[in-house]
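The values are calculated or read from the model by the stated rules, or taken from the named source; none is laboratory data. Just so it is clear, the model here is predicted, and its values are computed rather than measured. With ideal geometry, Cβ positions are generated from the backbone for all residues, glycine too; neighbour counts draw on all protein chains shown. Each accessible area value is taken on the protein alone, full model and side chains, heavy atoms only, with ligands, DNA and RNA left out. Shrake-Rupley method; radii C 1.70, N 1.55, O 1.52, S 1.80 Å.
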Amino acid sequence: MKYEKIKKQLLYNPRTWLVTGCAGFIGSNLIEVLLKLDQKVVGLDNFSTGHQYNLDQVKELVTDTQWNNFSFTKGDISDYETCDNITKGVDIILNQAALGSVPRSIDNPVLSNNSNVTGFLNILTAAKKNGVKRFVYASSSSVYGDSEELPKIEERTGNLLSPYAVTKYINELYMGVFYKCYGFESIGLRYFNVFGRRQDPNGSYAAVMPKWISSMLNGEDVYINGDGETSRDFTYIDNVIQANILAATTTNVEAFAKAYNTAAGGRETLNNLFSAIKNGLEKKIDSLKINDVIYRDFRPGDIRHSNANIIKAKEILGYEPTHTLKEGLSESLEWYINDIKGIKK
Ligand code: NAD
């Protein structure tokens, strides 16, 4: 497997990485894996949706020597000077900093644009200026918009449905232009509903999976927006980490200035997901009583069905997802049961 080979090479030939959004769900998982591979890691986060306790948790999971390879700056990518300073001496950037959530962007498009577009352009420009060799960033399946075609193929997108989708699409346009104008090597990863340890279950913009798990564990009601037949390609965090590391290290010149579906390549409805989480938790905790799901209106801006064709990432990057939804869910439930107190701090 290419990923295993690359990890060995990184151990022998460590690099300096910048992970923006490192106090968030995906960012904190990326820094954990990089530090365990003895890489030098620089982290940036403004704590808008990320948490210090995610960084504290990573500290507990790595050795003291590995933790000493990490330096953190609290700062905002919408400030160019911050981006200029933080990118000096960096080899590879994994840009995760952005305001997630379609509904958040509908409520406040200017705020989403500040982080996701202005911030993105700042960090991209500073990276180019300071000689960063590779820039990998989080795009999103939302760029498929109203396209009903399944599975989703990178080259065929529809009309965008939310300000959030616009921001991610603009990222992809900048990536293409920076390659044409400056030969700057960047790769976009279109994440499909990522889930796993350290994903925040709290707040009105929380993603469905951690929100449901937390609600069930706390005896609270669980809601489905719509009829529950909406479907998603739920992608376990380990698959996303793999895609980032492959994109960051690929030597395939065909790979640059393109965006890749980053998914498991499956599809599950919300109704089935609800049952799988409920059954999984009830199996693990005898005493748990879980209420029936409550249906409410569809949410504006949501795509009805989502399922990725992942051939492009497989062929060009050597991506081989290691976890199906079922495998990832089992690991996630275990983590939330053990850690629910920690994440509610
Ligand atoms: P998250 O909210 O847990 O992490 C984002 C992090 O970025 C947070 O720690 C936040 O404080 C930080 N941040 C936001 N704006 C910032 C700014 N202006 N300057 C510095 N830091 C800033 O979300 P996540 O799920 O880990 O998402 C990571 C990336 O992946 C985001 O770009 C998101 O849009 C993208 N994405 C996520 C999913 C998913 O399913 N989780 C799907 C598609 C795309």
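(1) part of a helix (DSSP H, G or I); (2) aliphatic (A, V, I, L, M); (3) open to solvent by 20 Å² or more (accessible area, probe 1.4 Å): which one isn't true of LEU160, the others all being true?
Failing condition for LEU160: (1).
In the range 58-80, which residue that is assigned to a helix (DSSP H, G or I) and within 13 Å of the ligand (Cβ to nearest atom) is surrounded by the fewest Cβ atoms within 10 Å (Cβ to Cβ)?
Applying the first criterion (assigned to a helix (DSSP H, G or I)) to the range 58-80 yields 58-61, 64-68, 80.
Those left that are additionally within 13 Å of the ligand (Cβ to nearest atom): 58, 80.
Working: VAL58: 27, TYR80: 15.
Within the range 58-80, the match that is surrounded by the fewest Cβ atoms within 10 Å (Cβ to Cβ) is TYR80.
Quick check, is ASN108 at pLDDT 95 or above and open to solvent by less than 50 Å² (accessible area, probe 1.4 Å)? Spell out how you get there, then give the answer.
Working: at pLDDT 95 or above: yes; open to solvent by less than 50 Å² (accessible area, probe 1.4 Å): no.
Taking the combined requirement at face value, the residue does not satisfy it.
Kindly evaluate ARG198 against the criterion of being at negative phi and open to solvent by less than 20 Å² (accessible area, probe 1.4 Å). Don't jump to the end; show me each part of the working.
Working: at negative phi: no; open to solvent by less than 20 Å² (accessible area, probe 1.4 Å): yes.
Spelling it out, it is not the case that ARG198 is at negative phi and open to solvent by less than 20 Å² (accessible area, probe 1.4 Å).
Please go through the range 215-235 and pick out each residue that is of a type in the set (Val, Ile, Thr), under 23 Å from TYR191 (Cβ atoms) and in a loop (DSSP other than H, G, I, E, B). Give the derivation first.
From the range 215-235, those of a type in the set (Val, Ile, Thr) are 222, 224, 230, 235; that's our starting set.
Cutting the leftovers down to under 23 Å from TYR191 (Cβ atoms) gives us 224, 230, 235.
Across the range 215-235, the qualifying residue is only THR230.
Go through the range 22-57 and report how many residues are assigned to a strand (DSSP E or B) and either within 15 Å of the chain's Cα centre (by Cα) or under 28 Å from SER112 (Cα atoms) (or both). Give the derivation first.
Residues of the range 22-57 that are assigned to a strand (DSSP E or B), as a first pass: 40-45.
The next check asks that each one be either within 15 Å of the chain's Cα centre (by Cα) or under 28 Å from SER112 (Cα atoms) (or both); those that pass are 41-45.
Count: 5.
Which residue pairs have Cβ atoms under 6 Å apart, sit 6 or more places apart or on different chains, and have a first residue in the range 248-267 that is without any contact (Cβ under 8 Å) to a residue 60 or more places away in the chain and hydroxyl-bearing (Ser, Thr, Tyr) and a second that is in a loop (DSSP other than H, G, I, E, B) and surrounded by fewer than 19 Cβ atoms within 10 Å (Cβ to Cβ)?
Close Cβ pairs satisfying both conditions: none exist.
Within the range 302-333, can you find the residues that are at pLDDT below 95 and open to solvent by 40 Å² or more (accessible area, probe 1.4 Å)?
ASP302, ARG304, HIS305
Of all residues in the range 148-188, which are of a type in the set (Gly, Ala, Ser) and free of Cβ contacts under 8 Å to residues at least 12 places away in the same chain?
Taking the range 148-188 first, the residues of a type in the set (Gly, Ala, Ser) are 158, 162, 165, 176, 183, 186, 188.
Correct list: GLY183 only.
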